[in-house]
Every structure is written in structure tokens, then in C-alpha cells.
Amino acid sequence: MKILVCISHVPDTTSKINFTEGDTKFDTSGVQFVINPNDEFGLTRAMWFKEKQGASVDVVNVGGAETEPTLRKALAIGADSAIRVNVQPTDGFQVAKQLAQIVKDGGYDLVIAGRESIDYNGGMVPGMLAGLIDANFVNNCIGLEVEGDKATATREIDGGKETLTASLPLVIGGQKGLVEESDLKIPNMRGIMQARKKPLNVVEPSETSVQTEVVKFEKPAPKGEVKLVDPENLDELIDLLHNEAKAI
């Protein structure tokens, strides 16, 4: 089984976010980038298929050279090879089109993507990718088993879980639950050294139209001042909630 894991290069959630050029560009200065958490769950599940079933695992990213350390980390975790599509990602459709070409050229049986990235939270790419390559698709995936050319997937739905069966090729949008957080792999020194020798192939993008553009970024409004009330003074608390906060 050939598995392709889609890797997004995203800012660490502890990073301080700023914008430049009139709030039209994201300022990457001083920002630490990591593997998108939903993608990391998927990569860890792919490693399970590699260890238990002998699957081959490649990782792919659409982005510039600055994303290569993130791909190298994925290789250190255990992926066999990496692919970087040499174009800046500008919208979900463009990314899906580039990934579709990689999947078609590589003949992959299973494509594991995160259900969304934690930077733009678009949640579009896995579904569009499945449509472009005419593959089955399961989103919000929290469980996956593969036997032969059949997969059994569990996904979250409103109020519960749903178990589905599908034939390969299959695209999943994975999330927390696909593996336990305790199963996530931290690259060790041996893995880091091996990653340096593994292939990281840079391919030029296929011709694709861009459907959207960024007009402006805007930070959330700052939180208002907080009033502290003596817990013994319930009358004051009730008065503030009723007359000022209008909560009661």
C-alpha cells in the first residue's frame, strides 16, 4: 500500500501573530513553524500502517523552501521520502489541484490529510482533492483500518460516531482521535540523522488558477477590562450582572 500524507507548515499556537504591508501579509518574523497537528495525527497513523503492514509512506507539502525543515521533521518521524511542490499556497483550490497531480503521478492508494490546518482553518483541501482524483472521501476521521483494498473508517458526526467502509483509493480528513496523543512520535537522534539521507524532491507546480485572494487580515478585538467583585458581596455582583453586563 502506498500512502501519501499531506503536511501543512503552520505557526505554532504560542507564536505572536502580526501583519505587515497594511495588514495584507502575514509577518513570519520570529514565528516558530510546526507540522499541522491534524496532519501529525495522520502521519502517526501512517507510521502504524508502515510498521504493521509494510506500507510505504511519502509526505508532501505545497510551499516554498522555508517549509523544508517541517518536511525533514516528518522524515525523521519515519516517512520514506518527501515532496515539495514549489509554489506559495494561496487558496484551498490551488493546493488541492497541486496535490491531485502528485497523487495521480505517484499512484497512491491512501491519502491522509488533516481535516483542516490551524492557520486558515479552511477545511476545504481534503474534500476537493478527493473530488479531483475521483476517490472516496471520509472527513472528521477518528479511526482507520485497511485490509487489502478495503478500508474501515470511523468519523465524528453530530451527537456520535459513524463507521463506514470504502474501497481504495481513499482520501481521509483526519483529526485528533485518529491516534492517541500519547502515540505521537518525537524524532530521536537516529531518525534525524536518517532524515538527512532520505530524498526530498522538489517539483514545479502544475498550471492552476487561483480562486481567492487575501484582502486584509484583522486581529480579534482586545478583551475589555475585568471587574473583580468580593465573593462575599453578592448584592454588588447581582447589580453589575443586571445593570451593566445585562446578563440577567
**Asked** Does residue 190 satisfy the criteria of being assigned to a helix (DSSP H, G or I), free of Cβ contacts under 8 Å to residues at least 24 places away in the same chain and of a type in the set (Lys, Arg)?
**Response** yes
**Prompt:** Can you spot a residue in segment 44-65 that is outside any helix (DSSP H, G or I), in contact (Cβ under 8 Å) with a residue 12 or more places away in the chain, of a type in the set (Ser, Thr, Tyr) and open to solvent by 20 Å² or more (accessible area, probe 1.4 Å)?
**Reply:** yes
**Request:** Output the residues belonging to segment 112-152 that are under 24 Å from residue 32 (Cα atoms), surrounded by fewer than 21 Cβ atoms within 10 Å (Cβ to Cβ) and among the β-branched types (Val, Ile, Thr).
**Result:** 118
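Which residue out of 212, 208 is β-branched (Val, Ile, Thr), surrounded by 14 or more Cβ atoms within 10 Å (Cβ to Cβ) and part of a loop (DSSP other than H, G, I, E, B)?
Matching residue, one of 212, 208: 208.
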**Request:** Kindly indicate whether any position in segment 19-31 is under 23 Å from residue 149 (Cα atoms) and out of contact with any helix residue (DSSP H, G or I) (no Cβ under 6 Å at 6 or more places or on another chain).
**Result:** no
**Request:** Would you point out the residue of segment 170-184, among those that are open to solvent by 70 Å² or more (accessible area, probe 1.4 Å) and touching a residue at least 40 places away in the same chain (Cβ under 8 Å), that is nearest to the chain's Cα centre (by Cα)?
**Result:** 176
**Asked** Only one of 19, 41 is touching a residue at least 40 places away in the same chain (Cβ under 8 Å), part of a helix (DSSP H, G or I) and aromatic (Phe, Trp, Tyr); which?
**Response** 41
**Message:** Checking residue 165 against (1) among the β-branched types (Val, Ile, Thr); (2) open to solvent by 40 Å² or more (accessible area, probe 1.4 Å); (3) under 18 Å from the mean Cα position of the chain (by Cα); (4) at pLDDT 95 or above: exactly one of these is not met. Which one?
**Reply:** (3)
**Prompt:** Considering segment 201-248 alone, what residues qualify as being over 30 Å from residue 15 (Cβ atoms) and either polar (S, T, N, Q) or in contact with a Cys (Cβ under 6 Å, 6 or more places away or on another chain) (or both)?
**Reply:** 206, 209, 233, 243
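The values are calculated or read from the model by the stated rules, or taken from the named source; none is laboratory data. What you see is a predicted model, and the numbers here were worked out from it, not measured in a lab. As a convention, Cβ positions derive from the backbone with ideal geometry for all residues, glycine included, and neighbour counts pool all protein chains shown. Please note that ligands, DNA and RNA were not included when accessible areas were found on the heavy atoms of the full protein model with its side chains. Shrake-Rupley method; radii C 1.70, N 1.55, O 1.52, S 1.80 Å.
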